[in-house]
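The values are calculated or read from the model by the stated rules, or taken from the named source; none is laboratory data. Keep in mind that this is a model prediction, so the values were computed, not measured. Every residue, glycine among them, receives a Cβ derived from its backbone with ideal geometry; neighbour counts consider all protein chains shown. When the accessible area is computed, the model is the full protein with side chains, heavy atoms only, and any ligands, DNA or RNA have been set aside. Shrake-Rupley method; radii C 1.70, N 1.55, O 1.52, S 1.80 Å.
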Amino acid sequence: MQRSVKHRINLDWRHPFDTLGTDFYSPVDPTALSQVHWVAKNFSLASQLGWSEDAFDNDMLSVLAGNTVAPSSQPCASVYSGHQFGVWAGQLGDGRALSLGVLDTPSGAQEIQLKGAGKTPYSRMGDGRAVLRSSIREYLCSEAMHGLGIPTTRALALVGSPDRVLREEIETAAVVTRVAPSFLRFGHLQHFAANGQSGPLKSLVDFLIQTQYPALMQLDPDATRYTALLAEVTKRTASLLAQWQAVGFCHGVMNTDNMSLLGLTIDYGPFQFLDGFDPAHICNHSDHQGRYAYARQPQVAYWNLFCLGQALLPLIEDQDMAVQALETFKSLYPAMADREFARKLGLEEVHTQDHILIESLLKVLAAEKTDFPIFWRRISHAVSQMRAKGTELAFEPVKDLFIDSSSWQAWLPGYLQRINGIDSHQAAAVMLRTNPKYVLRNHLCEQAIVQAKMGNFALVDDLSQVLSSPFDEHPRFEHLAGFPPDWASSISISCSS
Ligand code: AMP
Ligand code: MG
C-alpha cells in the first residue's frame, strides 16, 4: 500500500467518524492486491458524485483496489456487534470492509467503503478478502435495487485480481467500492449498549442524528429525540421491508449487524429474488431453520428493531416510550405492504377490501409457485390490453402460467370488478412502472460469474445496463427477461463469500 500524489479529481476526504475518536473505529490501511483490473465501473453513480467520465483511470484503480491511499484519506474499520440468527454474537465489526472516508458530493456527503481490501482488527478468523463471485453479486444487486427504487447502499466499482482466496475451493479476490451516506448498522449501537458504554453510545447516536437525521435536532436533546429516532428507523425499516416483499427480494442474512440505521438494503450475501412464488423460500443454504425465509422477513425486521430499541434504552430510559415507537411497525408495515402490492395491481388508492384481494392472489401464486416477476409483468400487459382485446384474450397469457388455472379464474372476476371504473391505461402505466421486466435472478448472476471467471465481463455490463432501468423494454436483452432454466433451482448460495 502506498500514499499517492493527489488525484486529478479533487477528493477531499473527511474522516467518517469525524471527531468521535477511536472508541468507534481502528485506523487501518488496505492490503494491496497484485495485477488489479477493472471488472465494472459505474459511470452513472460516478457522475452523481460529480466525477468526470475519465475518473476511472489507473490512479483510481489503484485507490479502489486498496493499493494506494489517497492524500487526506484516513482509512478505518468500524466496530459493531450484533445478533446472528437470533443469538447474541458479541463483537463483530468491519472484518473486510474499510472506509476511505466521506466526500462532499453533489448528492450530499457520501461515505466510500472498500469491501475485501484486506484484514482489519475485526477480521477475527477471516482473511479480510471477498471473492469475485460474491463481489459480482453485491455489485449487480446494489445497482438492481437502486434501479427498482429501493433504498440501498450503492456500488461504484468492482476491481478484480488473480490473487487466490480460499473458500470451499480456490477463488480469486475482488474489491467492491460501496457508497452510502452512512454504513452505520443496528449493531453499531448494540455494541456500546451491550458493553455498558453509555457515553460513547450517546456520542454515536448524537452523531447519527446530526449527520443523517438533522430534522430531529429540532426536538429536545433527551428521550423525545431518541424516541423519535427509533420511530423513524422503525418507519424506514417497515417501508424497506414492504418494498422487498413486493419485489420478491430475500435478503438471506437479516442479522442485526446487517440492518442499516438509515433503512438501506446493506450487505448483499446469499440474497435472491424469487423465481416461483414460495413464501417459505429460504435463499441461504446455511439457514437451516429458515429463520430468514421470504415470508418471515417482516417479522424478523420487527425482532431486529426490538434489539435496536433495547440498545437505545439507556438514552430513552422509559421502556413504554420505546415500545410505543417500535409498535408503530405493526400498523405501518401492513399498510405499506398493501400499498406496494396494490400498486402492482394498478391501484393507486388502497381500499380496505384490497388486502383480501392481495392475500387471496398470493395464495393462488403460492399454490403452484407461479413465476413471480413474469406473473406481474404479464398481468400488467393484460390490463394494458384489456380494452383493445377484451378481458378473456388479454388475460390469456396470465392464465397460461397456471397448470390448474381454476383458482386464478376464481380470483380474476373480483379484480376486474375492483378495477372497473379505473382508467385501464392509467392502471397499466402504474403497473408497468411497478412490476419490473428485468430482475436479477440467481441464474443470471451465475452466468455473469461463470463468464467473469473466464475474463469476460460483458454480461456484468449488460446486466448493469438493464437493471438500472428494469421497468423499460430493452429489445436487445429480451433473453435476460425469461423464465429461469431448470438448473436455476439447483443453485446453492451459502454465506461463503
Ligand atoms: P456477514 O455475514 O457477511 O454479514 O459477516 C459477518 C461478520 O463476519 C462481519 O463482521 C464481517 O466483517 C465478518 N466477515 C465475513 N467474512 C469475512 C472475511 N472473509 N474476513 C474477515 N471478516 C469477515
Ligand atoms: Mg455483514
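Does anyone have the angle between helix 319-344 and the longest principal axis of the chain? Alpha-carbon axes, 0 to 90°, nearest 10?
Once rounded, one gets 50 degrees.
Which one of Trp411, Cys283, Leu241 is farthest out on the positive end of the charge dipole of the chain, using unit charges on Cβ (Lys, Arg +1; Asp, Glu -1) and the Cα centre as origin?
Going by the Cα projections, it comes out as Cys283.
Under the classification rounded if a/c is under 1.5, otherwise prolate if a/b is larger than b/c and oblate if not, where does region 376-435 fall, given a ≥ b ≥ c as square roots of the Cα gyration tensor eigenvalues?
Taking the square roots of the gyration eigenvalues as a ≥ b ≥ c, region 376-435 is prolate.
Can you list residues from other chains, or at least 5 along the same chain, whose modelled amide H is less than 5 Å from the amide H of Val28?
Cys76, Ala77
Which GluC sites (Glu not before Pro) in region 411-497 sit in a loop by DSSP (not H, G, I, E or B) and have at most 13 other Cβ atoms within 10 Å of their own Cβ?
Filter output for region 411-497: Glu473.
Any idea how far the Cα center of region 255-316 sits from the one of region 76-128, in Å?
Going from one Cα centre to the other spans 18 Å.
How would region 2-183 be classified by its alpha-carbon gyration tensor: rounded, prolate or oblate, with rounded meaning a/c under 1.5 and the a/b versus b/c comparison settling the rest?
The shape class here is rounded.
Relative contact order of region 199-330: what whole-number percent is it, with Cα pairs under 8 angstrom and at least 6 residues apart?
30
Over the chain, what is the relative contact order in percent, taking alpha-carbon pairs closer than 8 angstrom and at least six residues apart?
Answer for the chain is 14 percent.
Compute the long axis of helix 223-247 from its Cα atoms, compare it with the longest principal axis of the Cα atoms of the chain, and write down the angle in degrees, 0 to 90, nearest 10.
Around 50 degrees separate the two axes.
Give me the percent of DSSP beta bridges within the chain that run antiparallel, rounded to the nearest 5.
Beta bridges within the chain, antiparallel portion: roughly 95 percent.
When ranked by the protection proxy of mean other Cβ atoms within 10 Å per residue, highest first, what sequence do the peptides 321-329, 102-110 form?
321-329, 102-110
Which values of log₁₀ I(q)/I(0), to two decimal places, follow from the Debye formula for region 299-395 at q = 0.14, 0.17, 0.25 Å⁻¹ with a uniform point scatterer at every Cα?
Rounded to two decimals, the profile gives -0.70, -0.87, -1.26.
Considering only protein heavy atoms and a probe of 1.4 Å, how much of the accessible area of the chain is carbon and sulfur, as a whole percent?
After summing per-atom areas, the C and S share lands at 51 percent.
Work out the FRET efficiency for Phe85 and Trp487 from their Cβ-Cβ distance, taking R0 = 25 Å, and round it to the nearest 0.05.
With a Förster radius of 25 Å, E is 0.30.
Before rounding to the nearest 500, sum -39500 (n - 2.57) across all DSSP H runs of length at least 4 in the chain and divide by the residue total; then give [θ] at 222 nm in deg cm²/dmol.
-13500 deg cm²/dmol
When a/c is below 1.5 the answer is rounded, else prolate if a/b is larger than b/c, else oblate, so apply that to region 81-153 with a ≥ b ≥ c taken from the square roots of the Cα gyration tensor eigenvalues.
prolate
Can you give the angle from 0 to 90° between the axis of helix 442-453 and the longest principal axis of the chain, with both taken from C-alpha atoms, to the nearest 10?
Value to nearest ten degrees: 40.
Taking the Cβ of Gln243 as the center, what net charge do the other residues with Cβ under 12 Å away carry, scoring Lys and Arg +1 and Asp and Glu -1?
+3
In terms of the ratio Rg/(2.2 N^0.38 Å) built on C-alpha atoms, what value belongs to the chain?
0.99
Determine the per residue accessible area of region 347-432 with all protein chains present and a 1.4 angstrom probe, expressed in square angstrom.
Per residue, region 347-432 has 52 Å² of solvent-accessible surface.
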